[in-house]
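Student: Handing you this structure, nothing more for now.
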Amino acid sequence: MQAGFPEVSTIVQEAASCGDHAALEEFRLRWLGKKGEITTLLKSLGTAPPEERAARGAAIHVLKEAAQSAWDTRKVELDQAAEDAALHAGWVDVTAPSMARPLGRLHPITLLLEEVIDHFTGLGFEVASGPEIEDEFHNFDALNIPKDHPARDVWDTFYTDRREIPRTHTSSVQIRAMQTRKPPIRVISPGRVFRNETIDATHHASFNQVEGLLVDRHVTVAHLKHTLETLVHKLMGRRLETRFRPAFYPFVEPGLDLDVQCVFCSGVGCSICKGSGYIELIPGGLVHPKVLASCGLDPDEWQGFAFGMGFDRMVMMRYGIDDIRRLYDGRLQLVRQF
Ligand code: DAH
């Protein structure tokens, strides 16, 4: 070792004992900085006797290397310690196995809706939509449901302060479709509807309907029947018996309910179909002349059929879900296909 030179071990030890980044920076400045001791030694080389220069230079180089690598080593240690401290402060255990998350999948409502849309677009129907917040004209008046008429009570209607209506059915979209299109018209309109219902296993205040409307010349109940039967067969995957029963809806004449043979007992009669062997599935009928007229269509020239399915009921039947609340509470898990 050169006389007057510091020991390598002293430098290494000094670096190793730096307790934090600030101390390490002081170390760097003291030895390796522009005015540091090793730099000063290097500068003094020029004034050293020529025969000593090579040996002094080599010794200074050793010191410099040692100081630099001692600094590098301590820097890594201090960085690691800081990182560990930060992790512990937040109690993140990076070695813990990650939580198993089951893969998500499409909601049964979406799945079945895709099938329904596919079916109807294949028959030449287009998908139409309307606003969820409606006015009285589209939700009631144009559908031949006059103000103060008892028929209005059937829909447990919410009203906003401004007397707007969270639509009680998708039938309002029939009106919008007839106002904005020229016949022949073929539309379906899926969407949310809202009613002031007490929520239980079979009722919800917000649920889904799919409305259908066809306007053309010479439309009869046979067209409606065929359209709905092919839908039921497609969705239920088998040729279930269907039947029509007369029913009253102000916007159709005649009004009908399509019943489907009970999928649970195959028509024998069970508690779900209340012994009748049939489940009430899709209401519909021929568009009332007054409804056509309220949309500017001449009822002598045009006829139509319409239907409005309660979609949740279909989803529940198809996937074996026995409580409508499961469809909306985010806890729906395994679904079984019928
Ligand atoms: N809008 C009716 C409801 O919510 C369902 C309905 C019945 C729709 C007959 C129709 C129809 O298009 O023709 O109760």
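Student: Would you be able to say whether some residue in segment 98-111 is open to solvent by 80 Å² or more (accessible area, probe 1.4 Å) and in contact with a helix residue (DSSP H, G or I) (Cβ under 7 Å, 6 or more places away or on another chain)?
Tutor: Narrowing segment 98-111 to residues open to solvent by 80 Å² or more (accessible area, probe 1.4 Å): 98-103, 105-106.
With in contact with a helix residue (DSSP H, G or I) (Cβ under 7 Å, 6 or more places away or on another chain) added as a condition, the list becomes none.
No, segment 98-111 has no match at all.
Student: If we scan segment 92-102, do we find a residue that is closer than 30 Å to Met317 by Cα and of a type in the set (Lys, Arg)?
Tutor: Taking segment 92-102 as the starting set, the residues that turn out to be closer than 30 Å to Met317 by Cα are 101-102.
Applying the additional criterion that residues be of a type in the set (Lys, Arg) yields 101.
Yes - at least one qualifying residue is present in segment 92-102.
Student: Given the residues Thr110, Thr73, which is the only one that is out of contact with any Pro (no Cβ under 9 Å at 6 or more places or on another chain) and either closer than 30 Å to Arg313 by Cα or basic (Lys, Arg) (or both)? Walk me through it before giving the result.
Tutor: Numbers: Thr73 fails: either closer than 30 Å to Arg313 by Cα or basic (Lys, Arg) (or both).
The unique qualifying residue is Thr110.
Student: Which one of Tyr278, Tyr249 is away from the ligand (no atom under 16 Å from the Cβ) and assigned by TED's automatic domain parsing to the domain that holds Asn144?
Tutor: Details: Tyr249 fails: away from the ligand (no atom under 16 Å from the Cβ).
Exactly one residue qualifies, and that residue is Tyr278.
Student: Across segment 281-296, what is the number of residues that are of a type outside the set (D, E, K, R) and either closer than 11 Å to Pro250 by Cβ or within 9 Å of the ligand (Cβ to nearest atom) (or both)? Outline the logic, then answer.
Tutor: Going residue by residue through segment 281-296, those that are of a type outside the set (D, E, K, R) are 281-289, 291-296.
Checking the rest, the ones that are also either closer than 11 Å to Pro250 by Cβ or within 9 Å of the ligand (Cβ to nearest atom) (or both) come to 282-288, 291.
Qualifying residue count for the region: 8.
Student: Scanning segment 196-224 for residues that are of a type outside the set (Asp, Glu), within 27 Å of Gly304 (Cα to Cα) and within 25 Å of the chain's Cα centre (by Cα), which turns out surrounded by the most Cβ atoms within 10 Å (Cβ to Cβ)? It would help to see each step written out before you state the result.
Tutor: First pass over segment 196-224, keeping only residues of a type outside the set (Asp, Glu): 196, 198-199, 201-210, 212-215, 217-224.
Subset that is within 27 Å of Gly304 (Cα to Cα): 207-210, 212-215, 217-224.
Narrowing further to those that are within 25 Å of the chain's Cα centre (by Cα): 207-210.
Values: Phe207: 20, Asn208: 21, Gln209: 21, Val210: 23.
That would be Val210.
Student: I'd like the residue in segment 229-250 that is touching a Gly at 6+ places or on another chain (Cβ under 8 Å) and aromatic (Phe, Trp, Tyr) and, out of all such residues, is surrounded by the most Cβ atoms within 10 Å (Cβ to Cβ).
Tutor: The residue in question is Tyr249.
Student: How many residues are within 30 Å of Gly124 (Cα to Cα) and part of a loop (DSSP other than H, G, I, E, B) when one looks only at segment 140-189? Write out each step before concluding.
Tutor: Applying the first criterion (within 30 Å of Gly124 (Cα to Cα)) to segment 140-189 yields 140-145, 166-189.
Cutting the leftovers down to part of a loop (DSSP other than H, G, I, E, B) gives us 140, 144-145, 167-170, 181-184.
Total meeting the criteria: 11.
Student: Count, please, the residues in segment 43-70 that happen to be of a type in the set (A, V, I, L, M, F, W, C), within 18 Å of Glu7 (Cβ to Cβ) and open to solvent by 50 Å² or more (accessible area, probe 1.4 Å). Outline the logic, then answer.
Tutor: First, pick out the residues of segment 43-70 that are of a type in the set (A, V, I, L, M, F, W, C): 45, 48, 54-55, 58-60, 62-63, 66-67, 70.
Cutting the leftovers down to within 18 Å of Glu7 (Cβ to Cβ) gives us 55, 58-60, 62-63, 66-67, 70.
Those left that are additionally open to solvent by 50 Å² or more (accessible area, probe 1.4 Å): 55, 58, 62.
Here the count works out to 3.
The values are calculated or read from the model by the stated rules, or taken from the named source; none is laboratory data. Nothing here was measured: the structure is a model prediction, and the numbers come from that model. FYI the Cβ positions are ideal-geometry reconstructions off the backbone, even for glycines, and counts take in every protein chain you see. Note: accessible area is taken over every heavy atom of the protein model, side chains too, but ligands, DNA and RNA are not part of it. Shrake-Rupley method; radii C 1.70, N 1.55, O 1.52, S 1.80 Å.
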